[in-house]
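**Student:** Got a structure for you, questions after.
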Amino acid sequence: MEESNAKLIVGFSLLDGLYWGFYAVFVGYIATYLLDCGMSNSFLSIMLAVFMVASFFGAFFWGGQCDKYHTNKKIFIPEFVGSVLISLVIFFTAKWNLWVAAVLYPVFGFFSAPLGSNLDAWMLKRFHKDAGKYGIARAIGSFGYALAALVIGLLIKAMGYLVMPVGILVTAGTVLIMAWRMQDTPYIAPEHIEHVNASGLLKIKPYIFMVVILFLIGLACAPINNMKIVVIKSVGGDVGILGMDAFIGTTIQALMIALSGKFKRISPYIRMTCMSAFILLDMLLIVTAENSWMVILGSVMWNTSYGVMLPTVREITEKNVHGALKNTAHSMADAVYSSFAGIIALTYSGFLMDSFGVKSVAFLGFGITLIPVAMSIYALVRQKKTAE
């Protein structure tokens, strides 16, 4: 039996909000926790790079499973349960053995990294690609992250890191309840296509152009986003400021995603130019930051960029990629941005921070971001000339 539109929107909004709440509780503070346990910046950077490698392969594996078995729900639930269990083991082992925690964190990445794109693909399928409905539900997801990050940050500052496993269990339990209640929609493969291969994505020019833009932006942002607590502490902030940073920035992101239904009127190349320009402002603010509020303003710029980017990426993928490869394509785009770019960036960012100061990675990021800005402007100019 089909759910009503209102029930679908409310159900997926709650599911997405709770899922991203879980993500905020663990992923948002695990780096801070590990540093508190005695891990160095360089060790953390290498661990995060390995995490990204595992996440990259996990994206292809789990996205491929969704396409192979024509389901999101039946993949999401066991994948999420595995992520929760591993996150708890990492938390409780870190205090007595950082090496065990460091080895397990990439395993967590393999399970958890594709969850967001899986959930997005699930929502898009149930909403019949309606950007307005998707935007509302995904905006609640971002706000769920913002609220959880603020609350858990303040609680950690007041009571210590033991609030993390409590937050994990509360959010994870409610995610599983909501995921179980939401219906899945089987994928119907076209009759004329018997075999699909992810290599076919390389032949889709609009999709590959978008992926290159994502890679370059991800390369610039990964060191700052994954080691934000190091940046905040360098200007006198603490874990409470980290929570405030996440809350303010992600609330802006939620607002931008909520407006995604209106973005379709704007050329994707204009949107790509804007999201790259916001990253330039983010890097500039980090380079010149003298206090925590400048870092937070930089986060607002990044979240504005992400709020434009996410619905744009989903739109380009849905429009240009064949149905039998959509889950893999969504996972690949997310993996290139958050994992593959991060693998490269995090192999050197810890060394740069320790050797030349925290702001050195933002200075490098500014230079990298000039490339996608130029690419987007060139593509936009070329599109206008073609239209004439």
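Just so you know, all these numbers are worked out from the coordinates, no wet-lab data involved. Predicted model only: the values in this text are computed from it and were never measured. All Cβ positions, glycine included, derive from the backbone under ideal geometry; neighbour counts span all protein chains shown.
**Student:** Please give the length that would be gained between residue 70 and residue 386 if that part of the chain were fully extended, namely 0.36 nm times their separation in residues minus their C-alpha to C-alpha distance (nm, one decimal). List each step's numbers first, then the result.
**Tutor:** Details: separation 316, 0.36 × 316 = 113.76 nm, distance 3.84 nm.
Additional length available on full extension: 109.9 nm.
**Student:** Tally Lys and Arg at +1 and Asp and Glu at -1 over the other residues with C-beta under 11 Å from the C-beta of residue 300: what net charge comes out?
**Tutor:** Here the charged neighbours net out to -2.
**Student:** Here's something else I'd like to know. Say we join alpha carbon atoms closer than 10 Å with springs in a Gaussian network model of the chain; which of 295, 212, 53 then has the biggest fluctuation?
**Tutor:** Looking only at 295, 212, 53, the biggest GNM fluctuation is shown by 212.
**Student:** Given a cut-off of 26 Å, name the pairs among 68/203; 133/319; 73/205 whose C-alpha atoms lie farther apart than that in the structure shown.
**Tutor:** Details: 68/203 21 Å; 133/319 17 Å; 73/205 30 Å.
Distance filter (> 26 Å) returns 73/205.
**Student:** Please name which of 339, 167, 123 has its Cα lying farthest along the dipole of the chain towards the positive end, using unit charges on Cβ (Lys, Arg +1; Asp, Glu -1) and the Cα centre as origin.
**Tutor:** 123
**Student:** Can you tell me the dipole magnitude for region 248-376 around its Cα centre, using point charges on the Cβ only (Lys, Arg +1; Asp, Glu -1), in Debye to the nearest 20? All intermediate terms of the calculation are to be shown ahead of the outcome.
**Tutor:** Values: 8 positive and 6 negative charges, 109 e Å.
Dipole of region 248-376, to the nearest 20 debye: 520 debye.
**Student:** Next question. Expected output is a single nm value to one decimal: the length gained when fully extending between residue 293 and residue 371, i.e. 0.36 nm times separation in residues minus the C-alpha distance. What is it?
**Tutor:** Details: separation 78, 0.36 × 78 = 28.08 nm, distance 2.76 nm.
Extra length available between residue 293 and residue 371 comes to 25.3 nm.
**Student:** Could you work out [θ]222 nm for the chain from helices alone, using -39500 (n - 2.57) per DSSP H run of at least four and dividing by all its residues? Round to the nearest 500 deg cm²/dmol. It would help to have the intermediate numbers written out before the result.
**Tutor:** Values: 16 runs with 315 residues, N = 388.
Estimated from H runs of four or more residues: -28000 deg cm²/dmol.
**Student:** Then there's this: For the chain, modelled as a Gaussian network with Cα springs under 10 Å, which listed residue fluctuates most, 41, 97, 72?
**Tutor:** 97
**Student:** Dividing the Cα convex hull volume of region 242-312 by residue count, how many Å³ per residue is that?
**Tutor:** Working: hull volume 4.3 nm³, N = 71.
Cα-based convex hull of region 242-312, divided per residue, equals 61 Å³.
**Student:** Pick out, in residue order, every one of the trypsin sites (Lys or Arg not before Pro) in region 251-291 that is DSSP loop and has at most 10 other C-beta atoms within 10 Å; say none if there are none.
**Tutor:** Working: sites: 262, 264, 265, 271; in loops: 264, 265.
Listed in order of number, the matching sites are 265.
**Student:** Shifting gears a bit: Pick from 160, 218, 58 the residue whose mean-square fluctuation is largest in a GNM of the chain, springs joining Cα atoms under 10 Å.
**Tutor:** 160
**Student:** A further question follows. What is the calculated FRET efficiency for residue 238 to residue 99, with r their C-beta to C-beta distance and R₀ = 41 Å, to the nearest 0.05? Spell out each step's value before the answer.
**Tutor:** On the way: r = 27 Å, r/R0 = 0.65.
After rounding to 0.05, the efficiency reads 0.95.
**Student:** Report the dimensions of the chain along its three principal axes from the alpha-carbon atoms, largest first, rounded to Å.
**Tutor:** The principal-axis extents, from largest down, are 57, 49, 35 Å.
**Student:** Still on this structure: Hey, got the dipole for region 1-157? About the Cα centre, +1 on K and R Cβ, -1 on D and E Cβ, debye to the nearest 20? Spell out each step's value before the answer.
**Tutor:** Values: 11 positive and 8 negative charges, 27 e Å.
Once rounded to the nearest 20, the dipole reads 140 debye.
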